[in-house]
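The values are calculated or read from the model by the stated rules, or taken from the named source; none is laboratory data. As the structure is a prediction and not an experimental result, all values here were calculated from the model. Note: ideal-geometry Cβ built from the backbone for every residue, glycine included; neighbour counts use all protein chains shown.
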Amino acid sequence: MATRERAAPGSSTLYAMRPGITFDTGALIALERRRQRIARVYTTAVADGLPVTVPAAVLAEWWRGRTDAREIILNGVRLEALDEVLAKLAGEAMAAVPGAATIDAVVMASAARRGDVVYTSDVLDLTRLQSHFPTVRILSA
């Protein structure tokens with residue numbers, strides 16, 4: 001499984017930031033429910049050495065108590081803290097896209113920083129944010 005990476009001292013960036021995939025809450029729920037499509041995406045990413053990132057705000061929305069399945073999923077992804085830079089990027093996106101949800105903006109800003117592809121069950125809402133993050137690809141979980 002992937003390991004969690006830590007920010008360099010005095011830095012808001014992660015060591016070894018490289019493109020991979022970012023999961024939103026819907027992707028985590030689908031993975032937890034063992035949906036075949038997202039399970040295949042996840043296992044392929046891990047086998048290919050692609051980082052699977054989950055922003056901390058997504059963890060807060062998804063986590064409803066400890067289960068073995070949730071612990072396994074959490075241990076297999078890279079958890080990204082909501083630092084000042086990420087928060088500002090998300091806030092600017094919310095200003096540019098009226099009605100955008102905070103967590104959606106955080107997911108898109110997170111993915112944009114690395115050039116990730118986003119997997120979501122909420123394609124329409126995240127697509128609205130593509131006007132602010134045009135380089136982010138959005139795929140259905």
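Quick check on my filter: what residues within the range 14-33 are of a type outside the set (Ser, Thr, Tyr) and at pLDDT below 95? Please lay out each step first, then the result.
So in the range 14-33, the residues of a type outside the set (Ser, Thr, Tyr) come out as 14, 16-21, 23-24, 26-33.
Within the range 14-33, LEU14, ALA16, MET17, ARG18, PRO19 qualify.
Can you tell me which residue within the range 88-141, out of those that are without any contact (Cβ under 8 Å) to a residue 12 or more places away in the chain and assigned to a helix (DSSP H, G or I), is farthest from the chain's Cα centre (by Cα)? Looking at the filtered set, the residue picked out is ALA95.
For every residue, the table says whether it meets (1) closer than 18 Å to VAL54 by Cα; (2) surrounded by 16 or more Cβ atoms within 10 Å (Cβ to Cβ); (3) among the β-branched types (Val, Ile, Thr).
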{"site": "ILE103", "(1), (2), (3)": "yes, yes, yes"}
{"site": "VAL106", "(1), (2), (3)": "yes, yes, yes"}
{"site": "ALA111", "(1), (2), (3)": "yes, yes, no"}
{"site": "VAL118", "(1), (2), (3)": "yes, yes, yes"}
{"site": "ARG128", "(1), (2), (3)": "no, yes, no"}
{"site": "VAL136", "(1), (2), (3)": "yes, yes, yes"}
{"site": "LEU139", "(1), (2), (3)": "yes, no, no"}
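Any residue that is in a loop (DSSP other than H, G, I, E, B), touching a residue at least 40 places away in the same chain (Cβ under 8 Å), buried (at least 22 other Cβ atoms within 10 Å of the Cβ) and β-branched (Val, Ile, Thr) - is there at least one of those in the range 62-81? Yes, the conditions are met somewhere in the range 62-81. Within the range 39-61, the set of residues being closer than 13 Å to SER110 by Cα, in a helix (DSSP H, G or I) and touching a Ser or Thr at 6+ places or on another chain (Cβ under 8 Å) comprises ALA57, VAL58.
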